[in-house]
There are 2 protein chains.
Amino acid sequence: MTYCAAAVLDAGIILVADSRTNAGVDNVSTYSKMHAFGDAGGSQFIILSAGNLATTQSVIGQVKIDIRHGADTNLFNVQHMVEAADYLGDVSLEQQNRHEGAGFEASFIVAGQILGHKPHAYLVYPEGNHITTSEETPYLQIGELKYGQPILDRIIQPDISLETAALCFLVSMDSTMRSNLSVGPPIELMVYERDSQNAERRYRFEETSSFLRDLTLSWDNALKKAFASLPPISWSGQWDQGRREGVGEPRADDGPGPRN
Amino acid sequence: MTYCAAAVLDAGIILVADSRTNAGVDNVSTYSKMHAFGDAGGSQFIILSAGNLATTQSVIGQVKIDIRHGADTNLFNVQHMVEAADYLGDVSLEQQNRHEGAGFEASFIVAGQILGHKPHAYLVYPEGNHITTSEETPYLQIGELKYGQPILDRIIQPDISLETAALCFLVSMDSTMRSNLSVGPPIELMVYERDSQNAERRYRFEETSSFLRDLTLSWDNALKKAFASLPPISWSGQWDQGRREGVGEPRADDGPGPRN
């Protein structure tokens, strides 16, 4: 399994990816799922990948070959980020369709900034279609996304700083790793500053990273404190209110027969 | 979709269920997913249900009929909770198998206390097999479980109070409802006190419940405060460290060609 996410903010783009791949719990490996393309000063593209490893490797390989051979459509000659998403969807479908049967699906996030344009990010589904971010939902996720989504919903807004978003993504990754063993370090994080045209701020947090360990502990403590700060349950009259309003079934222990 | 959960604690059992059912977003209804069986002073069984509504209704109906007709096996003559789980699995399979095709699956949690025994809970899968809780994992979930799991992992331990567990389940439900529109109020909560042999402490929180609204706001604030209390990201040397250790790929922006 995989967890990758990207956010497009006023200040730039944040991308995060774990590096664990597995085919069963006894076949676990480490592969980077973050791939950057672009020369400093020019258009920048970062691709995150999730799904069948053979497919994602073939897709990234084809993307590189198309650039090298100057294919009619390649990352370095698209005019808009949506064309990059179209292209990636085509390449992904082509690679998936080389095999019969199920299980070859892959999803991608392609993000970056084409020279002279605003930063953008697209999520490319296994079917090749894609969605982008909005002001209301400035982030995209692929892979094992649910455990880590609640904190993104609460924190990620277009006007937060790149540092805040990066920290939020690491917390989101921490929640995911805690609940799904097949998502694991090293964690890769990319901080792309808007108009920098430079994808140099790339960080890797190893399993042994003391920062990652401290973050796990700090977040665990902070969450427990947050929970302890909640007001106690107000029990009074809740059940009676429900009965009066006649919503749903009355208690089924009023008799074993089906209701008429 | 549905979210239901149950925890077996030293002090008793907590169960929670939402009440929303849907077949597409334009066909949303309210049904209780919590069904209690047992006379005060005797064995107590509470069943939570998730999945195809026709299947879960048929299963609960059959459970009631079997009790009323004194079937060879019914909830009121099982000797151990695991027999109740076996029985529920059989009834569930029987109901699912009445229809051809996919989409009739249902999952159940059966929990309670048989007179003279300890409290127990079992999760019954659509295939009819089941698992129970342990000291390390004292809770079970069915339905849309991932959004609400991280807080359970951190808070639910066998020695916490019923009140703490109940509040934690409501927080878990809140995170789920926030991220999945098809999970919704009224929220039903059962507090079963160990050896009480009485399932009277059943509460229903309506959409209009001021307590539920306050809890949503309080938890949102507490989480944001928790996040704000985290130490800032330590950037220094993380990427260089990753490079030195040679894990995964180097940055792919060193050239478009595949690695040799």
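Annotations
For (1) in a helix (DSSP H, G or I); (2) acidic (Asp, Glu), each residue gets a yes or a no:
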site	(1), (2)
A:Thr176	yes, no
A:Leu181	no, no
A:Glu188	no, yes
A:Ala199	no, no
A:Glu207	no, yes
A:Phe211	yes, no
A:Asp214	yes, yes
A:Leu217	yes, no
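- Of the residues making up the range B:219-237, those that are outside any loop (DSSP other than H, G, I, E, B) and either at the interface with another protein chain (Cβ under 7 Å from one of its Cβ atoms) or touching a residue at least 40 places away in the same chain (Cβ under 8 Å) (or both) are B:Trp219, B:Asp220, B:Ala222, B:Leu223, B:Lys224, B:Lys225, B:Ala226, B:Phe227.
- Cross-chain or 6+ apart pairs with Cβ under 6 Å, the range B:189-205 first and at positive phi, then part of a loop (DSSP other than H, G, I, E, B): B:Gln197/B:Gly41
- Unmet requirement for B:Val78, which otherwise passes all of (1) out of contact with any His (no Cβ under 9 Å at 6 or more places or on another chain); (2) of a type in the set (Val, Ile, Thr); (3) in contact (Cβ under 8 Å) with a residue 40 or more places away in the chain: (3)
- Scan of the range A:135-160 for residues that are open to solvent by 50 Å² or more (accessible area, probe 1.4 Å) and polar (S, T, N, Q), ordered by number: A:Thr137, A:Gln157
- Any hit, the range A:192-199, residues being under 30 Å from A:Phe76 (Cα atoms) and under 17 Å from the mean Cα position of the chain (by Cα): yes
- Against the test of being among the polar types (S, T, N, Q) and either surrounded by 23 or more Cβ atoms within 10 Å (Cβ to Cβ) or away from chain A (no Cβ under 14 Å) (or both), the options B:Thr176, B:Thr164 yield a single qualifying residue, B:Thr176.
- Yes/no for A:Gly128 being over 26 Å from A:Ser58 (Cβ atoms), surrounded by fewer than 23 Cβ atoms within 10 Å (Cβ to Cβ) and modelled with pLDDT of 95 or more: no
- Residue list for the range A:146-156, restricted to those being under 22 Å from A:Gly112 (Cβ atoms) and either modelled with pLDDT under 95 or not in a loop (DSSP other than H, G, I, E, B) (or both): A:Leu152
- Flag for B:Asn27 being more than 10 Å from chain A (Cβ to nearest Cβ), without any contact (Cβ under 8 Å) to a residue 12 or more places away in the chain and not hydroxyl-bearing (Ser, Thr, Tyr): yes
- Residue ID - farthest from the other protein chains (Cβ to nearest Cβ), chosen from residues in the range A:195-215 that are over 30 Å from A:Lys118 (Cβ atoms) and surrounded by 16 or more Cβ atoms within 10 Å (Cβ to Cβ): A:Leu212
The values are calculated or read from the model by the stated rules, or taken from the named source; none is laboratory data. Please read all numbers here as calculations on a predicted model, not as lab measurements. Using ideal geometry, Cβ is built from the backbone for each residue, glycine included, and neighbour counts are taken over all protein chains shown. Protein only, heavy atoms only, side chains kept; ligands, DNA and RNA dropped before computing areas. Shrake-Rupley method; radii C 1.70, N 1.55, O 1.52, S 1.80 Å.
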